[in-house]
Amino acid sequence: YGLMAGYPKILNHRSRMMRSLFKPRNAARLVAAIALLSESSRLKAQDLASGLVSYWPLDEVQGTKTPDLVSGYDMELINLRADDLLPGRRGNALAFDNGRKTLLSRVHQPGEDLPANNHAAWTLSIWAQVAGAGQNDLRIFSEGNTQDSDPLFNLGTHNGGASGQLDVFIRNSPGGWTPVNHILTEQEPFDGQWHHIVFVEDNGARSIYIDGALDSLEIDPKPDEGDFPLNNTSIGGILRASASHWITGNLDEAAIWSRALSQEEINELNANGVPQISSQPPPLAIRSFVGDFPSVVKDGSVVLRWDASAEATLSINHGVGDVTAASVFGVGSITAALEATKTFTLTASRGNESVSADFKVSALEGAGDGWSLVDNFDAWPLGNINAQGSWKNPVGDAEVVEGPESQALTFLAGEALNAIELKSLTIEEGEQATLFFRAFVNPESEFEGLALNIGLTEKPIRFVGDFNGDVGPFVRFDNSEGFGVDVEAVNGVGGSPEFVTGPLAEGQTYNVWLDVDNQPVEEGDLFNIHIQQIGGERKTVVEGYRSDRNPAGSADLGAVSPQLDTLFTAAFAGSESDGLVLFDDFYLSNTGEFNDDVPIPIQSTVFLPEVQSPPAEGQISGVAANADGTITIQFTGTLLSSDMVNGAYAPVEGASPPSFSTATKAASRFYIAR
């Protein structure tokens, strides 16, 4: 039919073949053959879709995400936006940029089908248009752990940037594995053109296909012993406690299977793409509901953030109300006042379904004006601080312990890196702020060799060695000379720690102020340090120093950003093996200026008692008759029903605000809201 409609000149050709082709009998055979080919293609697509866990076409941006069309494991956009969409291998693709630290990532929940390395057999397919030469050790696909910097699965560019070869790096020290240490494919898919890359793991055996052809690279098989503790998947870079190793180039059509694809299936995938399959809407869920900080100074405010089902109606108690309009595809944030301790509840509703999540924020009494609490460690259980609130301790052992006055932070097992994102307290370029904290020298510790930095940075959280210099404004505590704990500082890029005061007396607590003037990256931040023994005089020990952060940045950790968005604590090799120094009461000034006050007296931590949310008002605001014969009731409070207007009313099973739908099964039914 297509030939007849579109090519009359061919039809006028009097060849024997054409006359034979369009005889009724042969035409019927031709139609049957086309039908068989079509059915064969359909069956191939069905087979290829078997075991498909996730498919990210990278065709669109939905708020802060790009969708997974199979399981709803949508990828979060980090420094990416709709402007980064461009024509790709199929449909659109996303353009990634190392200079802007762009990334797609998703942290998975227990029980989900990702990370891919959780499966004994699995397949990754992705299209890449990357010029690899000169891009040293940057990644197109990675799986890592947000709480441990060590375990990694990585596919990326040559670790020396010498060619367009694909680099494979797999490390799992917790599992006792021998690393797959930067081995390279024979083929060079990173030549600036579009190439199809497929990684297959089949019960330990690993292989790579490029444009459908099996590469000669031999990869050590996956060890039989030892778990691979991964919890996230990222495209365009690595995500651990922080992101790093961002690629520059275009990526498209990423998909993961929970089985090993065959050579024939890879050929089909290369030729015809990922099959389109119909997927059910994901279950109603709240993936996260958190505040920036678990404790806030009384009459301050807390930023609440959430990630819930895109199509849900969202509301928060304590008078916050409906926050659906503050969400984009289920992701949003809002600032809430805090005059007393509260447990905020986020409710997500869809039809007659409803789920909720809580986040408690404690109101701290007695803090001075102009200060925001970062943490005083009193809200946490004793022990490792990793994943408590927003703290990340990806290396070593940072512990919450009993201090001389209240709970405090220390390091117990050699080198360690611990950090917290400042989020709404981030210090922007051109702003000034003061970081305040307390330090206590433990007289029961006889350890020598301490080297520990505390300060502010924008550097990604990766390894301890990243924070021994080229960091930003920080205070250094050191007793490597064995004469007590001294305070040191570094002045300028490439500088070395220099003594500024000490030694600090054992058994004594000191107030420390770090003033930071966030100046342009090219100039470097200015900072001052002030020290005061409790009961003594406040002394300025550093004034007008430049921070040591090199404005050139690095390829793997990226360009230097203008914001100071992270508070870090880093103890170096051999340091703090028995808690020599304890730290407490981290506060940040919030007026845009330096603050020389003590934010809160020592031993004065008082959290106000919790105020319960008032009961919801009961009201039926509307009833709608639907085309399918159901009715929908809009309400607040608790919905009850009865078969008689003056009968006994009972709660309606499964009904939760803001709406409930039901079939009209009887001549009449009566509803009230309380």
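The values are calculated or read from the model by the stated rules, or taken from the named source; none is laboratory data. Here the structure is a predicted model, which means the values were calculated and not measured. For neighbour counting, all protein chains shown are included, and Cβ atoms are generated from backbone atoms with ideal geometry for every residue, glycine included. The accessibility values were calculated without ligands, DNA or RNA, using every heavy atom of the protein model including side chains. Shrake-Rupley method; radii C 1.70, N 1.55, O 1.52, S 1.80 Å.
A few points about this structure:
- Sole residue being over 24 Å from the mean Cα position of the chain (by Cα), open to solvent by 10 Å² or more (accessible area, probe 1.4 Å) and acidic (D, E), chosen from E188, E112: E188
- Checking L373, L417, L346 one by one, the residue that is in contact (Cβ under 8 Å) with a residue 24 or more places away in the chain, open to solvent by less than 50 Å² (accessible area, probe 1.4 Å), within 24 Å of the chain's Cα centre (by Cα) and closer than 30 Å to E653 by Cβ is L346 and no other.
- Residues that are farther than 30 Å from T630 by Cβ, open to solvent by less than 40 Å² (accessible area, probe 1.4 Å) and either in a strand (DSSP E or B) or among the polar types (S, T, N, Q) (or both), drawn from the range 349-370: F359, V361, S362, A363, L364
Residues are listed down the side, and each one gets a yes or a no for (1) touching a strand residue (DSSP E or B) at 6+ places or on another chain (Cβ under 6 Å); (2) within 15 Å of Y55 (Cβ to Cβ):
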position	(1), (2)
D227	no, no
N232	yes, no
H245	yes, no
N250	yes, no
E253	yes, yes
S258	yes, yes
P275	no, yes
Q280	no, yes
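- Whenever a residue of the range 511-525 is touching a residue at least 40 places away in the same chain (Cβ under 8 Å), its partners that are small (G, A, S) and open to solvent by 20 Å² or more (accessible area, probe 1.4 Å), lying with C-beta atoms within less than 7 angstrom and at least six residues away or across chains, give the pairs N518/G430.
Results for (1) free of Cβ contacts under 8 Å to residues at least 12 places away in the same chain; (2) in contact with a Ser or Thr (Cβ under 6 Å, 6 or more places away or on another chain), shown as yes or no for each residue.
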{"position": "G72", "(1), (2)": "no, no"}
{"position": "N79", "(1), (2)": "no, yes"}
{"position": "P87", "(1), (2)": "yes, no"}
{"position": "L104", "(1), (2)": "no, no"}
{"position": "G132", "(1), (2)": "no, yes"}
{"position": "L138", "(1), (2)": "no, yes"}
{"position": "D148", "(1), (2)": "no, no"}
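- Scope the range 250-274; condition closer than 22 Å to L104 by Cα, over 20 Å from the mean Cα position of the chain (by Cα) and not hydroxyl-bearing (S, T, Y); matching residues: N250, D252, E253, W257, G273, V274
- In the set (1) touching a helix residue (DSSP H, G or I) at 6+ places or on another chain (Cβ under 9 Å); (2) open to solvent by less than 10 Å² (accessible area, probe 1.4 Å), the condition left unmet by T341 is number (1).
- Annotation: T324 fulfils all but one of (1) surrounded by fewer than 22 Cβ atoms within 10 Å (Cβ to Cβ); (2) in contact (Cβ under 8 Å) with a residue 60 or more places away in the chain; the unmet one is (2).
This table checks each residue for (1) touching a residue at least 60 places away in the same chain (Cβ under 8 Å); (2) under 30 Å from S362 (Cα atoms); (3) open to solvent by less than 70 Å² (accessible area, probe 1.4 Å).
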| residue | (1), (2), (3) |
| --- | --- |
| P609 | yes, yes, no |
| Q619 | no, no, no |
| V623 | no, no, no |
| D628 | no, no, no |
| V645 | no, no, no |
| Y649 | no, no, yes |
| S656 | yes, yes, yes |
| S661 | yes, no, yes |
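- Residue among V200, V180 that is more than 24 Å from L103 (Cβ to Cβ) and open to solvent by less than 30 Å² (accessible area, probe 1.4 Å): V200
- With respect to being within 22 Å of G414 (Cβ to Cβ), of a type in the set (D, E) and open to solvent by less than 30 Å² (accessible area, probe 1.4 Å), D525 falls outside the description.
- Residue list for the range 546-568, restricted to those being touching a residue at least 60 places away in the same chain (Cβ under 8 Å) and under 20 Å from G592 (Cα atoms): S547, S561, P562, Q563, L564, D565, T566, L567
- Filter pass, F436 being over 15 Å from A570 (Cβ atoms) and in a strand (DSSP E or B): yes
- None of I631, I672 is touching a Leu at 6+ places or on another chain (Cβ under 7 Å) and over 18 Å from T347 (Cα atoms) except I672.
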